Structure formats: C-alpha cells, structure tokens
Amino acid sequence: MFRHACPLFVAFWAAVVLAASPAMGQVTQPSPLNPPPNGPQRTQPGSTVLIAEYVYVRPGAAPIAAAIIIEGGRIDRVVPNPESGDWGSARVHDLGDAHIYAGFIDAHQGVEVEAPDADSPGAHWSEHVMPQRRAADSTLLSESAKKKLRSMGFTAAAVAPEGGIFAGRAAVIALSPEEVHRSERTAQVYVPDAYHAMSMTSSGWGSRSYPTSQMGAISLIRQTLSDADYMDANPDEYAGENSVMDLVDMAELPLVFRTRDEFDVLRAAKIADEFDRPVMAVGRGTEFRRLAAIAELADRDGFALVLPLTLPRKPDVSTVGRAEDTDLRTLMTWEQAPTNAYRLHEAGVDVALTTSGLRDGESFTKNLTHAMQVGLGSDAALAMLTTTPAEILGVDDDLGTIEAGKRASLVVASGDLFDARARSAKKDTPRILDGFIDGHRSVISMPDAPTIDGAWARTGTGRLSVELEIDGSSIKIKETNDAGDAVTTKARSIKR
C-alpha cells in the first residue's frame, strides 16, 4: 500500500487485519484511523520450515532433530526426525547441526514514560503516585535497545515505566525491528497491562516533596492501597476520573517492586499480604543473604523474583592497608554472589532473568556462564529465560516453548548456549545466529566461513614444488626444488 491509497481500500484492509488477528484481548490492534504505511507491503512465503539437529522444545526435555513448520507467524507443527522431502512452496532453512531454543523473554526493562500533568483531572496529590501511566502508550524500547536484546537471544520483553512509587503499568512487547510493524501492521504489544511497577524510593532528605525517606514511601504505598480498597467498597462515592481507581480496576495485576536490597523483597511481601495483592520483586543479586526468609515466599501463589545477573566488583586487596579496609561481608558477597540464582532455584523460588540492572561493562552472557559454572543447571537457566517469565507475564499460551499454536519466536545458535564449558572456551564459543520473532527472521551473526586449515601441496612441471601448512592465520611454506633441496618459511602478512 502507498500513502495516497483510496480511503475505502484502506478501510477494507484495516477490517481484514482486525478480523484475521487472533482473538486475544491482550493484543493491541492498529487503529483504522491511522494512515497506511508508506511503501509497498512486505510479502512473505506461505510457510517457513526450520530444520535442525538440536531442537529444545522445552526446559528439561532432551533436544531432538526436528523440522519446525511456521505458518502465519505461528508454529503449525513440529516434526521429529524429518526425512528429506518436498516441503511445497515453503521457504526451507536447513540449519544442519544448529541448536534452536524458544525465544528468551526479559521480564523487566525500564522505559521513560511521560508523567501525567499534576493539574489534570483525577491526578493524585503526590507526584510519586501515577498508576494511570502505561508503558504501552509510550515509545517502548528504542531500536538500538531492541537490537542489543536480540543479539543476546531475547525475542520479547516486559517494559515498565521508571520513576515514582506507583510508576504505572508494564507491557509485554515483541522485540522485532520497527520496520516489521510498520510494513505488516502487526501488533508490537502482546500484553498492554502485565503488572503494576512499584518501588520504595523517596525524594531524599534535601527535598521538600513527600516522602523523603523509605519509611515515608512505605506509608504512602499503604495509604494509597487502603484508599483503593475503600473506593472499591464504596464506588458510588467516587464518580469521574481518579487515578487511584486504576488500582481498583486492575486489582488482579501483581505489584512488582524494584528493590534496593534483599530486605525490600520481604517488605514488599508484607505490604502485599496486608492488602491481599499478588506480588513479585525485581531483585538486586544479593538475595542469598536472606535465603531462608525469601524461600518462605515461594509458597505464595504467583510469587517470583526477576533477577538481574549483576555481580559485585572484585575487592581491592592489593596492599595491606586496602586488605584491612575490606570487611568480611564484602569479601563473602563477592565470593557468593554468582551462586545467587542457583541457591534461589534450589530453594524453590521461581526466578526469571533480566538484563537490566547490570553495571557498565558487565556482560549478561558472561555472568550467566559464571552462574552455571558455580551450580546453576542448564535446564534451570533455560527455564529462567523462557517458561518462567512466560508464566509470570501471562504469555505462556504464546511464548516460552516450541509447540504447535505458539508464536514462532525462536533463537538459532551455532552450539549449545547452556554448555558452560563451551561458553567459556576461547575457541568455538557458541554464537547466536538468528532470531525469529512472530516468524520474521532477524540475522544476528553469520556462521563461520569454511576453513582451509590443513596441509596443501602443489606440484607442477616447473622446478619447484610447494607445500603449505595452514592453521588459522599461520601459514608455513615449504619449497622443494628438483634437486631435493628444501626451504621452509612462514608468511609474514596474511590477507583473506
């Protein structure tokens, strides 16, 4: 379609798109009032087939050789041990010994969302209480942020408003490039309202804006939730717009607290218990310090920890003075922090991983490898990136496993991404090659070029014969003349 299309033609195709979309209340549809995308609509083949030796259908199941048939952005069926045959008009990707996983899901990514006008109707008296804000109404993630997440294997993410105590509602979105949504009019938002983003932050002691302490922040949370309960019990008294009513209308959504330490996890659970609300927490990586108390929360229905894989910096003990200034708690935290995810999993806590919260210079992939080297199993790690976040975000009917009927959101890798030894090796480290999001392919990296390593010889009718030994960037050259004299040299400059 082009920008100057006939209005009746535009309205017709808008109706077709709406009618053909899955009947899912959580999926937002493009408005028929919006202009059509500028440029021709992308065309896709009738179906796509991915064939690989290692397909991980779900965590805990052994990989199988299989063909994944994709129709209309969803998995039509998974065929184990496929025989070479006629796949019709489908676009076939024979990936050989590649490894295919369900697309990873980041359970918490903070985004900037415009704050409501303090003088707007129904606005709360506190600038920290903004439950009416929605991440789904913002620009979501930037293209560079989505590209970075795709490079790590993520195909979906929960984006939550930042700033404030009642920060607003998070949304679950696809991480496909923006041009896919513009040209194909697909829904970028899977779930517009996934959870209430919360925190216990304050304005600080130097501010005149209440609250100025964490104690005040907790008091404001309790008062606001108490007001919401009263409004729910007395709806006739509150007509018109009121931001607190968002907490009444969306009472089934969990409260997800961004925490500053392991004690905030326990505080959040106490608040939720008082008001009978579902709760989760975005951890800080030090939950192992209060493992027994947090493990007791695992019995709560729906409780989970969204865990950033951030690790403390190595303490500086390079001199006697610096060693004496480093306390035992700091040393123990540095030593034990990599075991945090493993310990929580063993204690029965549902854990979903997030790339947010990492310091500058930290690598999610490197820290995940470290966590697996100190005990975290490959099946548990895969579950923390697929099935667990899918369940806690309410998208487990669409994402998290490779099954018929689910969205074709997949990760293709050159090797086993959850083999800690392979990931830490300098050579042959598994790499993510492609991501498929709703059936659309995003190339992450190219496969290795064919190698020419080995021994090679050239013998001609001339006076010299040449033998080459190639090992990566090293080439040894042996020249032999017709008298049998040999000279061996090494190449000084190699260009491919």
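The values are calculated or read from the model by the stated rules, or taken from the named source; none is laboratory data. Keep in mind that this is a model prediction, so the values were computed, not measured. Backbone-built Cβ (ideal geometry, glycine too); neighbour counts: all protein chains shown. These accessible areas exclude ligands, DNA and RNA; they are computed on the full protein's heavy atoms, side chains included. Shrake-Rupley method; radii C 1.70, N 1.55, O 1.52, S 1.80 Å.
Annotations
- Taking residues in region 170-191 that are modelled with pLDDT of 60 or more, and partners anywhere that are open to solvent by less than 10 Å² (accessible area, probe 1.4 Å) and of a type in the set (Lys, Arg), the pairs with Cβ atoms closer than 6 Å and at least 6 places apart or on different chains are Leu175/Lys146.
- Filter pass, Ala422 being part of a helix (DSSP H, G or I) and touching a helix residue (DSSP H, G or I) at 6+ places or on another chain (Cβ under 9 Å): no
- Filter result for Gly400 (assigned to a loop (DSSP other than H, G, I, E, B), out of contact with any Gly (no Cβ under 7 Å at 6 or more places or on another chain) and open to solvent by less than 30 Å² (accessible area, probe 1.4 Å)): yes
- Any pair with Cβ under 7 angstrom, 6 or more apart, that starts in region 207-228 at a residue that is in contact (Cβ under 8 Å) with a residue 40 or more places away in the chain and ends at one that is surrounded by 14 or more Cβ atoms within 10 Å (Cβ to Cβ) and of a type in the set (D, E, K, R): Ser209/Glu127; Ile218/Arg267
- Qualifying residue in region 377-393 (condition: exposed (fewer than 14 other Cβ atoms within 10 Å of the Cβ), in a helix (DSSP H, G or I) and among the aliphatic types (A, V, I, L, M)): no
- Ser409 being within 30 Å of Asp97 (Cβ to Cβ) and either of a type in the set (D, E, K, R) or open to solvent by 20 Å² or more (accessible area, probe 1.4 Å) (or both): no
- Boolean, Ser219 is among the polar types (S, T, N, Q), at pLDDT 95 or above and out of contact with any helix residue (DSSP H, G or I) (no Cβ under 7 Å at 6 or more places or on another chain): yes
- Meets criteria (in contact (Cβ under 8 Å) with a residue 12 or more places away in the chain, open to solvent by less than 10 Å² (accessible area, probe 1.4 Å) and in contact with a Leu (Cβ under 7 Å, 6 or more places away or on another chain)) for Ala156: yes
- Of the criteria (1) at pLDDT below 95; (2) small (Gly, Ala, Ser); (3) farther than 30 Å from Glu335 by Cα, which one Ala197 fails: (1)
- Test: residue in region 232-244 that is within 32 Å of the chain's Cα centre (by Cα) and either among the polar types (S, T, N, Q) or under 29 Å from Arg290 (Cβ atoms) (or both): yes
- Candidate set: region 267-288, residues that are in contact with a Lys or Arg (Cβ under 9 Å, 6 or more places away or on another chain) and open to solvent by 40 Å² or more (accessible area, probe 1.4 Å); chosen: the one nearest to Pro131 (Cα to Cα): Pro278
- Checked against (1) more than 23 Å from Leu393 (Cα to Cα); (2) open to solvent by less than 30 Å² (accessible area, probe 1.4 Å); (3) among the basic types (Lys, Arg), Lys146 passes all but a single condition, namely (1).
- Where a residue in region 80-92 is hydrophobic (A, V, I, L, M, F, W, C) and its partner, wherever it lies, is open to solvent by less than 100 Å² (accessible area, probe 1.4 Å) and modelled with pLDDT under 85, with Cβ under 7 Å and at least six apart: Ala90/Pro45; Ala90/Gly46
- Test result for Gly348, surrounded by fewer than 18 Cβ atoms within 10 Å (Cβ to Cβ), more than 27 Å from Ser424 (Cβ to Cβ), touching a residue at least 60 places away in the same chain (Cβ under 8 Å) and of a type outside the set (A, V, I, L, M, F, W, C): no
- As a summary of the residue check, Val244 satisfies the conditions (1) farther than 24 Å from Ile392 by Cβ; (2) of a type in the set (Val, Ile, Thr); (3) without any contact (Cβ under 8 Å) to a residue 40 or more places away in the chain except for the one numbered (3).
- The set of residues in region 368-400 that are more than 16 Å from the chain's Cα centre (by Cα) and closer than 12 Å to Thr339 by Cα comprises Thr369, His370, Ala371, Met372, Gln373, Val374, Gly375, Leu376, Gly377.
- Restricted to region 109-122, and to residues there that are in a loop (DSSP other than H, G, I, E, B) and open to solvent by less than 30 Å² (accessible area, probe 1.4 Å), the residue that is modelled with the highest pLDDT is Val113.
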